[in-house]
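Shown next, in structure tokens, is the structure this report addresses.
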Amino acid sequence: MTKDIVFATCLAQPALQQSDAVLAKALEAQGLAVRPAAWNGDQAAFDEADAIVVRSTWDYQETPVAFAAWLARL
């Protein structure tokens, strides 16, 4: 069974950042599935993930209460 790794991004920049893509490629080379998902978007990806990398959530400071609630939910 392939492990599903989700990189948390944001709606303003939903794609993997260049530095995240380097790590994603290395993880994929190890047989892991990697995908981005916006922390402030659809939550299904986070519910299904085996691991979550919180790294590129660039707009969190605009809605700190919502971001804190999202972190607590994780």
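The values are calculated or read from the model by the stated rules, or taken from the named source; none is laboratory data. What you are looking at is a predicted structure, and each value in this text was computed from that prediction instead of being measured. Note that we place each Cβ from the backbone using ideal geometry, even for glycine, and neighbour counts take in every protein chain shown. These area figures cover heavy atoms from the full protein model, side chains too; ligands, DNA and RNA do not enter into them. Shrake-Rupley method; radii C 1.70, N 1.55, O 1.52, S 1.80 Å.
Per-structure values
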item	result
Restricting segment 20-62 to residues that are open to solvent by 60 Å² or more (accessible area, probe 1.4 Å) and part of a loop (DSSP other than H, G, I, E, B), the residue that is modelled with the lowest pLDDT	ARG55
Scan of segment 63-74 for residues that are assigned to a helix (DSSP H, G or I) and closer than 23 Å to LYS3 by Cα, ordered by number	TRP70, LEU71, ALA72, ARG73
First in segment 27-41 and closer than 19 Å to ARG73 by Cβ, second anywhere and aromatic (Phe, Trp, Tyr), Cβ under 6 Å, 6 or more apart	PRO36/PHE7; TRP39/TRP70
